[in-house]
Amino acid sequence: MAPAVSNSNGVMSPPQSVRSAPQQPPRVILGGNSARILCVADIRGDYHELNRLIQEHEATAVIHTGDFGFLNAESLERMGDNNLSVHFPLSQFPLLLSGSITFPVPVFTVWGLIEDVRIVEKFRTGEYEVNNLTVIDEASSALIETAGLKLRLFGLGGAVAMHKMFDNGEGLATIAGGQGTMWTTALQMGELVETAQRVYDPTETRVLITSAPISRFGLLSLLALAVKADLTISCGLHFRYPASLNDFAVHGDFESYRTKLVAARDSFIGVYDVVKDRVESSLNEHQHVLLKKVLAMVQKSPTADDNTWTNTWHWVLADAMYGHLLLAITDGRVSAEMRSNGLNFAHRANQTQQPPSAAFQGGPAPLARPTAADISKAGAGVPPKPVAATASVNTAPKPVPAKPIGAPVKPIPQAGKLVPQQQQQQLPLRGARGASSNFAGPPTAIPAVSKFDGKKDRITSPGPTKSKQGTPVTTSAALPKESKRGDKTNGDGDESEGPKPAPTPKRFSLYVKGLPIPTTEPEVRAVFGSEADKITGVKLVYDQKQTQKNFCYVDFANETDMHDVLKLHTSGTIRDATIVIELSNPPIRNVSTTGERGGRGSRAGRRLARGGSTSSKEAFRSEPQSESKSETPKPDAQTKKTEK
């Protein structure tokens, strides 16, 4: 390959050996009477997820736009910090290149905004080649023949920025990019117009694939007219829903549509006039031809008679993690089916079916605000992503504080009498998360009852209060099962004649919610920065269908590390999704004069209302109760006889 010639204005002259013999465009024939083409944007190197979508929809081919993930370990040195954070962890591209990951169907893609220009150039020169992967650029096209239809695919990668139209950056040929970003140049557009004219066939249906959304850039609309595109597919800049439209749906009349194109033309000509002298003096003969083609493209205005503004249809895709488009082709007819995870508005309904959340002692968490990246994008004309509210909404009733010592106490049943039925109904029920239960909020204080039948396994409340007869009063948390006479062990009591289970170590965890799906453990650890060394484990939560939930638990070795990390990190972002970090199951202590814990039932109730993980509940069930005893009067002879 001949070395490229660098010019003072940043435009690189392409090697003549590459341009002398244009490559034959790839032709793919899909058998059968029908085809299903999966259209995805911004897969960002998660090729396992792409294969999962292919298998789920039984796709026969894939069209991808946006960030494909052309990155490897060497790309780190050439990428800026902001771009690197978007692709953390790094792309699975090295596994794709080595053959460890393969695509079962043909995949056609353009490059996106955040890619390594060095890797993309190696696909252009043929140094890199991946089975079933075709990179479509301005110099080549692809043809898909299926179900009585010929689809001609044209592609243009990179962002659209007027001030970089005549700057190749670090690119060695016509591909422009640098520092982990890629953009479109005027010469690339001229070469794409030349490619479309060279392979023109009136029997084909033309599809233009771009990384930047055509609906937002008038310059790309002019390009679609120049290549005579029937359909366009583009990336939506982090849309949550795919969009399907034509220009007639956006502009009220033809003059409004034409005004958009005229504004794009004037903006392009304004930039060209500034650098015209330097550009024309540094271009070679072939580049002059490409420049003339792009100038003719922007100066050609459509007329109302051609009906292109109503007949050309555009699809703007959502990010792969949010949705995708499925094109079904049968007997030459193209039908579309759009899928989207959508936006979650459950926080507005104040319903109890909300994801588990923990409230800080200082009050509910404030609403999430757009990050600095979102603000900078908004200033550049890019709409910020929708920010979901992260305020913790807790509609459950507040716990009723226990009465202080010395306050009037309701009549207490004597020993040997059962608790009244109306009091039993107020007791919280123990159960696994999601099980049917009458308990829907934090536990309420329950009238104190005394021990009955002289049972030893009655759980005493913090700060025992003595009644007039001298019998200690206990606050019930859950009715214990009646143990048979002569049993050596009891179900839930503080005392047992048999061996006690080994104490389960207490978990010190933070609860992280708002995770994008999917999220990996390294992504969670990266949120905590230098404090990640204090993390002992990250538990990602999955349901019975192995679908990942949007929250996880981060464990620490001790309480000090947990609180130190929480002071520095109460929120963060993962792939532009705002997350909230809170205490997991913060202990709520009842009013006590002795400092002991409350009854076990109330702790279980708090965990059910809080939505703790299953493992934390199991750890709590196996946790031995406190063995601290308060001084009590010696039982009378009748009580001793009953105990025997």
>> Looking only at region 170-190, count every residue that is under 18 Å from Leu290 (Cβ atoms) and among the small types (Gly, Ala, Ser) and tell me the total.
In response: 5
> Can you name the condition, by its number, that Thr310 falls short on among (1) touching a Ser or Thr at 6+ places or on another chain (Cβ under 9 Å); (2) surrounded by fewer than 21 Cβ atoms within 10 Å (Cβ to Cβ); (3) assigned to a helix (DSSP H, G or I); (4) of a type outside the set (Phe, Trp, Tyr)?
Replying inline: (1)
> Yes or no: Thr102 surrounded by fewer than 20 Cβ atoms within 10 Å (Cβ to Cβ) and either touching a Lys or Arg at 6+ places or on another chain (Cβ under 8 Å) or farther than 22 Å from Thr195 by Cβ (or both)?
Replying inline: yes
>> Name the single residue that is nearest to Ala264 (Cα to Cα) among those in region 151-189 being β-branched (Val, Ile, Thr) and more than 30 Å from the chain's Cα centre (by Cα).
In response: Thr185
> Are any residues in region 196-212 assigned to a helix (DSSP H, G or I) and closer than 28 Å to Glu170 by Cβ, and if so, which ones?
Replying inline: Ala196
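For Ser215, are the conditions met, namely being assigned to a strand (DSSP E or B) and under 20 Å from Thr308 (Cα atoms)?
The answer is no for Ser215.
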> How do the strands (runs of 3 or more DSSP E) wholly within region 502-601 filter down when requiring 1 or more residues that are modelled with pLDDT under 85 and under 22 Å from Ile43 (Cβ atoms): which remain?
Replying inline: none
> If you go through region 105-118, how many residues are over 27 Å from Ala59 (Cα atoms) and either touching a helix residue (DSSP H, G or I) at 6+ places or on another chain (Cβ under 7 Å) or surrounded by fewer than 21 Cβ atoms within 10 Å (Cβ to Cβ) (or both)?
Replying inline: 2
>> Just to be sure I understand, how many residues within region 287-307 are in contact with a Lys or Arg (Cβ under 7 Å, 6 or more places away or on another chain), surrounded by fewer than 17 Cβ atoms within 10 Å (Cβ to Cβ) and not in a loop (DSSP other than H, G, I, E, B)?
In response: 1
> Hey, among the residues in region 301-317 that are under 41 Å from the mean Cα position of the chain (by Cα) and β-branched (Val, Ile, Thr), which one's farthest from His238 (Cα to Cα)?
Replying inline: Thr308
> Within region 120-144, which residues are farther than 14 Å from Ala176 by Cβ and free of Cβ contacts under 8 Å to residues at least 60 places away in the same chain?
Replying inline: Lys122, Phe123, Gly126, Glu127, Tyr128, Glu129, Val130, Asn131, Asn132, Leu133, Val135
> Which one of these does Ala336 not meet: (1) within 28 Å of Tyr257 (Cα to Cα); (2) free of Cβ contacts under 8 Å to residues at least 12 places away in the same chain; (3) among the small types (Gly, Ala, Ser)?
Replying inline: (2)
> Would you say Val193 is outside any loop (DSSP other than H, G, I, E, B), of a type in the set (Val, Ile, Thr) and in contact with a strand residue (DSSP E or B) (Cβ under 8 Å, 6 or more places away or on another chain)?
Replying inline: no
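The values are calculated or read from the model by the stated rules, or taken from the named source; none is laboratory data. On a predicted model such as this, the values are computed, not experimentally measured, just so you know. Positions of Cβ are backbone-derived with ideal geometry, glycine not excepted, and every protein chain shown enters the neighbour counts.
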